[in-house]
Structure formats: C-alpha cells, structure tokens
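To start, the structure under review is shown below, and the notes come after it.
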Amino acid sequence: MRLIQFCVFKILSHTIGHFGQAFSPSPYRLINPSTSIYIKWKTTHSFSMMEHAEPPNDVAKWEAMYEQNAPTMTFNDEKRKINLERSEVKVVTFDLDNTIWKTSAVISHANDELAKHLDSLGIDAPVRVENIMGLLFKTNKSKYCPLQAEDNQNQNMDHIKAPVLLTHLRKDAIMEILRNQTEELDNDLDKLTEEAFATWTKARHGAISSHLASGVEDTLKEIRQLRTSAGKRVVVGAITDGNSDPRFVDILADHFDFVVNAENVGISKPDRRVYDAAIRHVCSNEELNHVFDKVGSENFDIIMDMLGPWWVHVGDDFVKDIVAAKDLKMRCIWSRELVLDKKQGIDEKAQAASERSENELRQKIAEGKVTRMIIGAENYLTESIFEEFSDAIVDNFSHVAKVISSWHLEGMEAKELELTEVVSHNCKLTTDQEQKMQLTESIEAKPRDTKYCMDCGEQLPIKAKFCFKCGFKQCV
C-alpha cells in the first residue's frame, strides 16, 4: 500500500508533462491488441546494489527505483534502430504457483487426497490438516518464518501473512492429528507422518498437469530451443515461495535446470536473498555458469555487476516477482492469466462503487449540495505503475515465449551488428595503414634531387656546393 501511495503521488506530479507529450513515441509496444502483450522498449536500470538488508516495502527504495526508471526514447536515423539496451536471453526463471499452474485447484486436490489417506488409516480427524496448519502458524509464526523472525528480532510479527517453512508446518499439522489416536499410531508417529506427507506431495505434483496455464509445455519447449551467441542452451529455472518442484511433473521435468524455493532459503520473496540463492546456484553449477563466463560464486560482487536484461524473470505477483526482479536489473514479464479472476473481482467491486458514487452524486446535485470531485485517474495511475516496472505484461501464458523470443532475436541481431561494426572498423584501420605504408614506400623509392642547407635549412639542389642564401659550404 505504501508503494502504491508513493507511486500515485509520483505519477500525479508528472501527469501534466505526460499529457504534453501526447504525440511522443510510447515507451510501450502493443504487439497484437488481441493478445494483450505489452513490451516496454526502454529497460535500462541502474539501481544501487547496496540495499540487501532493507525491507521490501521501504518507500525510499521504491522512490529511488521509480526516479531511475523514467522511460525515454532515442532514435538514430542513420542506422534506423532504436538506441536501447538490447541483450540476448541467457537465463529465464519462472515463479510457479499461479504463474505456471493454478495453485488453489492443485492444493485442494492434494488436501482431499491427504484426508482420504488419513481416513483409510482409521484416523478420527474432525479438523482437516490445512486448518490445523493455520492454527499452528498463527500460534508460532517465528517457528515457520525463522529469518523474518530474526530480522524482526522476535518482535511483533502480525504483518507476516504466510509461512515459509511449509513442509515443516504441514508435517507438524499431520503429526498433531495422528498424536494420541492410538498407542500403536504413537509408536510409529514419525513414519506415519512421512507417509502421509508423501501422499500429499505425490497428489499435489500429480494434479499440476491438469491445472496448467495456457500453452505451458509449448512455451517451455520454445524457450528450450533458444541458443545463446556462444551456442549454449538458455538456462531455465524456477524461483518460488512454494515447496513444489516441476522436475517431479512428467511433462515439465525436462524443461527445468534448477529450482530454488523460499523454504530452502528460509525467507520468502520479495526478499532478495531468495533471488541471490538462485544466482549463486547458477554461477556455482559447472553446467550452468557459462552465463557468467565461468566466474565462480566466490566472486559474488562481480557476479552481481554482471546481472542485466539477459536474465528474464516471469511471475504473477507484481511486488514479489516484477519489482523484486527489476531491483536486480533483470527483465521481467508479468504473467497474469491465472490471477485475472482476482483482478476482475476487484474491477467489479470498483464498478459497483462507481455506480453508487454516480447515484449519490445525482442525489446531491438534486439537493443542491456542494460536491467536491476528484476526476479519477485511479486506473490510469495504477496501470502506469504496473507498466513502469514491467518490461512486458501478458494475460495469456502462451505469449511468454513470443516475448522472450523477440527479445532474444533483437539481442542476437544487436550483437551481430556490433561484431560487424568492429570487423569493419578493424578493416578500415588496416586499409588506412596499408595506404600510409604504400605512400612511405613510394616516397622512399623516389630519387632525391634536393637537399637542405646544414646551417640555415634552405632547400638546395642536390649538387649545390654552397648555400646561395647564407653561403655555408655544403657536402656534395
């Protein structure tokens, strides 16, 4: 909320300037109106990398980011290309829940299968595991969010809404139900807990393929076919707050090189430590670190300086995925397909409120009351914020590959053009050097018919015995 309030203020302060530039080139390109894909042309960012410990809702941090993110357009008519920071794509990371699959449907199926499993054991469970999880989390948030508790020095943690150690929490909830059922169950409590959790995990991964976003498999296949300028395959990974792993899903397994989840890091997104863990994993893996030119993880400061638009992150959460990735100078795609129903619900409420406001306005006018109106630019301001941080916005996941492929092609063409210019420049230098050498050789080969006076420097015929200007005797 503080971020939104700040950005609204900032955009209002620039509104007049924006309207004055109504006929200027837009920093966004609509590829196809029917596909709802917006791509920002200008994606140059130079955020400070010294803000590791700041909380993600630090308004000063967002202000610095916003001020440095003003879109600009520069054209070079001679080369007829847009002067942008264009780069080939070397790494693509995805958020998983509500980006690649619908989380609620997947988790609901897994919860039902776990309930059936416990019922088959004759367990009397009047309260389901997921409800027990909620109670345990509220009772002891620091246990399931250890790093956040440490950051807050065990002070009030009411602002923390979701657990990080999901596996630990679910196992504790299962054990809570199993405990004190029978003496026999108590003797095998750990074993039964692990079996129950394995049932839940298997059901969760089994349900994913039935609840994927549009064209996920084809999108991942297309990205997998991309090759860098070094002939290497583009690295594909996942950075998620959940504890799922697409490598356990048959149709997704071959498309992911690595997975980093918040549970293993100990804190959830948008905390940059989650992204740092993904970066460290890539640069420490011999099969993947070609994207960092084989620079090892021990040189992490160098690694962070190397980050740029060649790393693309795709996610559904504006703050956790888009703003967080932009803070690391990555390019980002806001994929909203699986969360559009929430957005539509908000829009419907806003529409209803607007209709009520209109009726109230008419009534006040009829009563002759003075009414103050703010000519609402709320939607405009909100969309401006979204577009300011997102390099692309897609409302259909299948369009992600189109965006990434177009960026990659632009980057490869830019690199090829750069190499061509370098070769051309070197060739020009070589040509100039050859011409100078030829001139020197021709001068040296030409017979000398003059000389210069050794005293006054006057030019004389080669056979002159005396200088006709100063009279100094010359060597013949």
Test of understanding: among N299, N285, N289, N264, which residue is open to solvent by 40 Å² or more (accessible area, probe 1.4 Å) and touching a Cys at 6+ places or on another chain (Cβ under 9 Å)? N299
In the range 367-394, residues that are of a type in the set (F, W, Y) and at pLDDT 60 or above total 2
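Wholly within the range 122-196, which helices (runs of 4 or more DSSP H) include no fewer than the required count, namely at least 3 residues that are over 18 Å from K269 (Cα atoms)? I'd like the intermediate steps shown before the answer.
Working: elements: 129-139, 141-144, 146-151, 166-178, 183-187.
Hits in the range 122-196: 129-139, 166-178, 183-187.
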Residue count for the range 218-240, restricted to those that are touching a Ser or Thr at 6+ places or on another chain (Cβ under 9 Å), closer than 18 Å to D257 by Cβ and not in a loop (DSSP other than H, G, I, E, B): 9
Scan L169, L220 and give me the residue that is open to solvent by less than 40 Å² (accessible area, probe 1.4 Å), within 30 Å of W407 (Cα to Cα) and modelled with pLDDT of 95 or more. L220
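Which residue, of K320, K364, K329, is over 15 Å from the mean Cα position of the chain (by Cα), open to solvent by 40 Å² or more (accessible area, probe 1.4 Å) and either at pLDDT below 95 or on the phi < 0 side of the Ramachandran plot (or both)? Don't jump to the end; show me each part of the working.
Numbers: K320 fails: over 15 Å from the mean Cα position of the chain (by Cα); K329 fails: over 15 Å from the mean Cα position of the chain (by Cα).
None of the others qualify; the one that does is K364.
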Looking only at the range 70-117, filter to residues that are within 28 Å of T228 (Cα to Cα) and in contact with an Asp or Glu (Cβ under 6 Å, 6 or more places away or on another chain); which one of those is modelled with the lowest pLDDT? R86
What single numbered condition from (1) hydroxyl-bearing (S, T, Y); (2) at pLDDT 50 or above; (3) open to solvent by less than 30 Å² (accessible area, probe 1.4 Å) fails to hold for Y66? (2)
Expected output for the range 98-117 (first residue among the β-branched types (V, I, T), partner open to solvent by less than 30 Å² (accessible area, probe 1.4 Å) and part of a helix (DSSP H, G or I), Cβ below 6 Å, 6+ apart or cross-chain) is I100/V216; V106/R204; V106/A207; V106/I208
Would you mind telling me which numbered condition in (1) at pLDDT 60 or above; (2) closer than 28 Å to Q225 by Cβ; (3) open to solvent by 30 Å² or more (accessible area, probe 1.4 Å) F397 fails? (3)
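The values are calculated or read from the model by the stated rules, or taken from the named source; none is laboratory data. Keep in mind it's a predicted model, so treat the numbers as computed, not measured. So basically every Cβ, Gly included, is an ideal-geometry build from the backbone, and we count neighbours across all protein chains shown. Calculation scope for accessible area: heavy atoms of the full protein, side chains included, ligands and nucleic acids excluded. Shrake-Rupley method; radii C 1.70, N 1.55, O 1.52, S 1.80 Å.
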